[in-house]
Structures are given as structure tokens and as C-alpha cells.
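The values are calculated or read from the model by the stated rules, or taken from the named source; none is laboratory data. Everything numeric here is computed off the predicted structure, so don't read it as measured data. FYI the Cβ positions are ideal-geometry reconstructions off the backbone, even for glycines, and counts take in every protein chain you see.
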Amino acid sequence: MFNSVLIANRGEIACRIIRSARRLGLRTIAVYSQADRNALHVRLADEAHEIGPAPAAQSYLRGDVILDVARATKAACLHPGYGFLSENAEFAEACAAAGVVFVGPPPSAIRAMGLKDEAKALMRKSGVPVVPGYDGAEQAAKQLADEAGRIGYPVLVKAVAGGGGKGMRKVERAADFADALASAQREAQSSFGNPRVLIEKYVSAPRHIEIQMFADSHGHALHLFERDCTLQRRHQKVIEEAPAPGMNDETRSAMGEAAVAAARAVGYVGAGTVEFIADGSRPLSPDSFWFMEMNTRLQVEHPVTEAVTGLDLVEMQFRVAAGGRLGLQQADIRLSGHAIETRLYAEDPNSGFLPSTGRILALDLPSGEGVRVDAGVAAGNDVTPFYDPMIAKVIAHAPTREEAIKRLADALAATKVFGPRSNAGFLHRLVTRPKFASNHYDTGFIERHLADLGAVPQPYDEGAVAFGAAVALACAGQSPAARFTDPWGRGDAFQLGAVRRQKIAIAIEGERATADIEWRAGEMVATYAQMQQVVRYENGRWSASDPLLSAYAGDHGVFVLREGRQVHIALFDALDHADEASGSDGNVVRSPMHGKLVAVFVAAGEAVEKGQRLAIVEAMKMEHVLMAPVAGRMGPMSVHAGQQVAQNAALLTIETETGDA
């Protein structure tokens with residue numbers, strides 16, 4: 001076994017690798033960018049070294065700098081985690097040249113499976129069924145459009161070097177193909193440095209099922225059963241579980257054998273995942289699944305496999321990389337119970353799941369029987385626009401699927417993230433849907449049920465606003481306790497002998513509103529839009545008459561949560577909102593997040609229609625299109641493609657016929 005490991009990654013996967021490495025007695029060496037100087041994985045490791053500026057291209061993707069650290073620290077091996085350099089064959093070769101063992105498959109296997117088109121061709125030759133499509137070398141736009149027409153719409157445009165839904169677009173009709181192709185190629189170039197794509201037939205009602213396999217350097221390979229990753233949004237996994245609901249022994253055996261055969265065909269060593277798409281319109285069967293791709297690394301969702309098999313996949317990776325044997329036969333691996341994983345992200349489901357950046361002010365993560373949390377951040381850490389916004393993975397394991405769902409739902413209900421918005425409430429609603437419990441869903445389920453899942457713009461929760469208004473007022477100027485115990489220094493309508501009442505101006509997410517506050521002995525009664533909350537401050541915590549409400553009071557206002565949805569309340573400051581009276585903001589196009597302006601499609605003075613595409617902002621390697629809010633003519637422009645932009649920054653102005661701008 002090795003005596004030390006350098007972890008060439010960040011976030012929850014770096015923290016998870018550190019736990020297994022430390023249990024095995026390995027010295028753990030972390031690397032970090034300037035943005036991650038105070039990150040959790042840096043604090044957990046035995047030692048940590050800075051490798052560059054915040055952008056991944058200047059830090060976590062700098063294999064040369066990372067290997068300099070490996071040599072300087074005398075690291076025996078390097079674990080790449082997933083993403084970043086984990087499937088980079090050249091980096092794996094560089095590790096070998098530097099005398100550092102790469103904890104992953106050989107470079108030849110990475111290359112064989114690294115490009116979707118070549119992997120499909122290899123599987124086709126091996127007799128594994130593949131989805132109909134085009135994976136040729138010709139990449140001219142007209143050729144690809146012709147191939148899409150031949151295959152028949154709808155089709156999927158997929159980056160050949162892709163993963164995680166990046167560089168992937170579903171196209172319903174020929175008229176949309178050119179724009180979808182260009183967008184997919186841009187995203188593929190940005191994420192993987194390779195703009196090549198392939199075209200696949202889109203399978204209606206698809207289920208996404210993958211097989212976890214393992215192989216050692218002594219020619220032995222086996223599989224650790226399947227995971228169902230069908231619940232996705234925009235081709236990114238949201239929920240993963242094992243075993244797959246409705247899976248039978250015959251289909252499991254067929255999929256497992258196909259995955260092991262694929263691994264052997266490329267001389268695979270280590271942990272890998274072979275992904276299949278299945279026809280969800282009928283029961284699973286050996287003749288209703290097709291090969292999609294192979295991920296030559298550890299997967300985000302590996303904890304559900306660990307839960308149902310009792311194995312530590314990271315430990316197995318270390319032992320195989322050190323030249324050891326798996327020490328297991330296929331018959332030794334047994335399924336135990338059911339496990340489900342959700343990915344807790346800093347994103348706003350009510351605003352199209354846009355990434356939500358900023359400091360995590362407070363963080364309550366669940367615990368309890370059968371609940372595991374793999375966290376990558378802690379309170380006080382910042383969610384930045386430079387990396388994937390995952391906060392943690394929440395995994396529930398129980399004897400049955402029904403019990404696992406119940407444990408997961410309870411865990412999500414107990415999860416609280418203050419500061420950036422999170423998808424905790426959305427995930428709770430998703431796992432408590434009857435159709436999820438009864439296994440009536442496919443990969444398009446979430447998109448079809450966004451409204452039912454609360455993932456659409458909604459009015460502010462009136463009870464949350466009332467609660468936040470009371471807390472904001474009580475915290476203004478002095479400690480919360482003093483507001484209830486020291487009447488003489490107050491400016492809150494204090495008077496002798498009668499109930500104190502006052503009307504206050506508040507800002508709800510920056511929008512002006514009014515709330516009514518009534519002061520009583522030891523408590524406040526807050527009213528907003530006919531919704532009333534009794535508010536108390538006891539034992540250092542704020543409570544409301546609605547037990548589902550919770551609050552965090554900070555220097556810049558109050559964050560209130562109800563069922564995972566957050567609203568920010570502050571006392572209204574006229575100076576901070578002095579420009580609201582102009583009414584011009586409806587003509588201003590703002591950036592919805594911190595990111596990079598990758599494309600601008602208009603010029604100053606150009607006439608535009610309402611809803612016309614104006615520009616694209618990229619954040620965390622995902623593109624977001626900015627549309628014209630009104631018809632008019634573009635005003636003076638000072639922005640350009642390639643520019644970094646801040647959240648809510650004014651990027652473009654549209655002059656209307658009235659001359660407003």
C-alpha cells in the first residue's frame with residue numbers, strides 16, 4: 001500500500017478521498033487555487049499547497065504544476081477524483097514519467113473510451129448494442145444537419161469528449177439544429193477543449209442505468225451491480241439509486257456482462273462505469289438497452305454502490321493501483337437493501353436553476369440512521385462562479401426503497417443552507433412525489449413537472465416575509481435580547497401603558513414593501529399581506545409561529561427559509577434604492593450570475609425584437625442565454641465577448657421608441 005497521496009481535486013470528492021486515505025494510513029496532500037484557500041478539503045488534509053489563480057484552467061487543470069507539487073512532497077500516488085484531469089490520458093502518462101502512480105486506468109483505456117464516437121465504434125465491433133446515430137469524423141455543419149435529418153428528429157447533439165450534460169443539446173426540429181449545434185460546440189470547447197460532436201437518435205421515455213465495474217492488473221474484472229440515474233435535468237443527474245427499480249436478474253446479468261466485456265476489451269484497470277440507456281416505455285429486458293459511454297473514473301454517485309455492497313470503492317482503487325488483486329469473485333458481491341443519493345447544489349430552482357454564488361452564512365446538514373452526507377463546504381466558505389456549485393451529497397440507505405425514500409425525505413427537510421440559494425426544497429418535493437415512489441418516471445420527468453416541483457417563479461412566501469421583517473427590525477442597532485429588555489434606548493414606537501405598534505418599510509429581495517409590527521411582552525407579532533407570525537427570541541435562536549420557518553440574521557439583513565426556499569429581508573434604505581424611481585431597469589439587460597460573457601450577438605444601434613437573443617453568459621461551464629426584455633434599439637455598448645461579468649451587472653441597454661434607456 002502507498003504511504004501518501006496527492007489529491008488533484010477539490011470539494012466533496014477531495015474530502016471523501018481524504019477520509020479513506022487517512023483510514024488506510026496514507027499522508028494526504030491537498031492542492032488548492034487562490035479561491036479555495038479556506039476550503040474544507042484544505043483544512044482536512046495533512047498538508048496543502050497553492051497551485052494558481054481561481055480559474056480551473058490556471059490551477060486544477062495545470063497538470064505540470066500539480067506534478068511539481070507531487071514531486072516536491074514525495075507523493076507516492078495521485079488520485080484525480082472526477083472531473084478536471086481524471087480522464088486525461090496525457091496527464092496519466094505524465095504521472096508515470098514523474099514516478100507518481102496515477103490512481104486510475106491506464107492511458108490506453110482512457111483514450112479508448114474517452115471519445116464517445118470511438119467508444120461507440122469499439123462497442124459496435126464487440127457486439128454491444130448502441131443507439132442509432134452518426135459518429136463520423138466529418139464535422140461540417142451541413143454534414144451534421146444532413147445526418148440529423150437522416151436519423152430523424154428528435155436527436156441529441158453530444159460532445160464526443162463530454163460528460164455531465166455539458167456540450168449536449170436535444171433538438172426537436174430541423175429549424176433549431178444550427179443554433180443548438182453551435183451552442184453545443186462552444187460548450188464542448190470550453191469544457192473539454194474539443195468541439196467535436198456526434199448525433200444520436202433521442203430515445204423517448206428513456207431510463208439511464210449504469211454498471212459499476214472494477215478490474216485489477218492481474219486480468220480479473222467484475223461488476224458491482226447497477227445504479228439508476230434516470231432522474232435528470234438537462235442531462236445532468238439529480239437523483240441516483242441502487243438497485244434500479246424494476247431490475248430483474250436476467251437484465252442485470254446481461255448489463256453486467258456487457259460492462260465487464262467492455263472493460264476487458266480495452267485492458268481496463270481500476271474503477272469505471274459503463275452507462276446504458278434503456279427503453280422506459282416497457283419493463284427492463286436484455287434486449288431493451290443500448291451502450292452510451294464509459295466513464296473511466298470514479299463517479300459522483302459511487303456512495304449508493306458502497307451502501308448496498310458494503311465496499312469502499314476508494315480503498316479498492318488504492319489497492320488495485322498499488323498492484324493488488326481485487327480479492328473478490330462475482331458471487332461474493334451481494335446486494336443489501338436500497339440506497340438513494342441526491343446532489344445538494346447552490347442553485348435557484350425558482351430562477352431556472354441558475355447557480356447561486358456567495359458566502360455560506362450557516363449550514364445545517366442532516367444526520368441519523370442510514371443517512372450519509374459527503375460535504376465539500378462548511379459555513380463561512382464561498383460558493384464561487386469558477387467551479388461546480390455542489391454543496392454536498394445526501395445519501396439514504398435502508399432495507400427497502402420505501403424506507404430509503406422516507407429517510408432521504410426527512411434528511412432533506414432538515415437541511416438548511418443560508419446565504420446562497422439551494423435546491424434542498426426542490427429535492428424534497430421530488431423524492432416525495434407519488435410517481436417517484438411508484439417508479440413512474442423517465443429522464444424527462446423533471447422538465448415536465450417543474451411547476452409541481454416548485455421550480456418555477458413564485459410569489460414571495462408571505463409568512464417568511466413577516467418573520468423576516470420582525471427579525472430585521474429587532475436586530476437593528478442593538479442585540480436581539482436588548483430589544484426586548486431595554487425599552488429606554490429604543491426607536492421602535494415604545495410607549496408606556498399601551499401595546500406598541502409600528503409600520504416599517506422593508507426590502508424583499510431589494511423590492512420595497514411595508515410590514516406591520518406589534519410589540520408584546522417577550523414577543524413580536526408581524527403582519528405582511530394579511531399573513532401574521534408571532535416571533536420570539538429564545539436561547540439564541542429566532543422562532544416563528546410557523547414551525548417550518550427558520551432565520552439567519554446577518555450584517556446585511558435576514559435570510560428566511562421555509563421548506564428549502566430562501567427569501568432575503570432587510571429594512572428599507574432609501575439611499576440604497578435612490579435610482580428605482582427612474583423606471584428604466586426594464587430596458588437594462590443584467591447578468592443573472594457571475595460568469596464570462598462568451599458571445600454578443602448585437603451591435604450598438606441595432607434594432608431588436610422582444611425575446612431576441614442578445615448574448616450568452618457562461619458560468620460553471622454552462623451557458624445561459626440573455627434575451628431582449630423589450631423591443632427597441634441597442635444603446636451604447638461597452639461589453640465584449642470574453643469579459644468577466646458580475647451578478648446583476650448591467651450589460652446592455654435597449655432604447656425604446658419613447659427614448660427611455
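The sole residue among G52, G11 that is of a type outside the set (S, T, Y), surrounded by 22 or more Cβ atoms within 10 Å (Cβ to Cβ) and closer than 24 Å to A619 by Cβ is G11. Among the residues of the stretch 195-239, those identified as without any contact (Cβ under 8 Å) to a residue 60 or more places away in the chain and not β-branched (V, I, T) are P195, Y202, G219, A221, E226, D228.
Check the stretch 462-469 and report whether any residue there is in a helix (DSSP H, G or I), more than 30 Å from I277 (Cβ to Cβ) and modelled with pLDDT under 90. There is no residue in the stretch 462-469 that is in a helix (DSSP H, G or I), more than 30 Å from I277 (Cβ to Cβ) and modelled with pLDDT under 90.
Filtered by the rule that a residue be in a loop (DSSP other than H, G, I, E, B) and more than 30 Å from A184 (Cα to Cα), the stretch 216-243 gives D216, S217, H218, G219, H220, P243. If you go through the stretch 21-64 and keep only what is out of contact with any Asp or Glu (no Cβ under 9 Å at 6 or more places or on another chain) and closer than 12 Å to A98 by Cα, you end up with just D64. Annotation: A159 fulfils all but one of (1) surrounded by fewer than 19 Cβ atoms within 10 Å (Cβ to Cβ); (2) in contact (Cβ under 8 Å) with a residue 40 or more places away in the chain; the unmet one is (1).
Is it true that H302 is at pLDDT 95 or above and more than 26 Å from P399 (Cβ to Cβ)? When the stated conditions are applied, H302 does not pass them. Among the residues of the stretch 174-215, which ones are over 22 Å from the mean Cα position of the chain (by Cα), of a type in the set (K, R) and more than 30 Å from N439 (Cα to Cα)? Once the filter is applied, which keeps residues that are over 22 Å from the mean Cα position of the chain (by Cα), of a type in the set (K, R) and more than 30 Å from N439 (Cα to Cα), the stretch 174-215 yields only R196. If you filter the stretch 340-375 down to residues that are modelled with pLDDT of 95 or more and touching a Gly at 6+ places or on another chain (Cβ under 6 Å), you find that the one that is nearest to T309 (Cα to Cα) is I360. Looking across E623, E606, E618, one residue alone is among the charged types (D, E, K, R) and modelled with pLDDT of 85 or more. It is E606. Flag set for G632, criterion: buried (at least 18 other Cβ atoms within 10 Å of the Cβ), in contact with a strand residue (DSSP E or B) (Cβ under 7 Å, 6 or more places away or on another chain) and modelled with pLDDT of 80 or more. Being at negative phi and part of a strand (DSSP E or B) is the requirement here; does L181 meet it? No; evaluated as a whole, the condition is false for this residue.
Within the stretch 608-650, the set of residues being more than 20 Å from D388 (Cβ to Cβ), part of a strand (DSSP E or B), among the small types (G, A, S) and touching a residue at least 40 places away in the same chain (Cβ under 8 Å) comprises G632, A650. The residues in the stretch 409-425 that are more than 11 Å from T342 (Cα to Cα) and in contact with a Leu (Cβ under 7 Å, 6 or more places away or on another chain) can be counted, and the count is 6. For the stretch 269-291, the candidate set comprises residues that are within 29 Å of the chain's Cα centre (by Cα), outside any strand (DSSP E or B) and modelled with pLDDT under 95; within that set, the residue that is surrounded by the fewest Cβ atoms within 10 Å (Cβ to Cβ) is S281.
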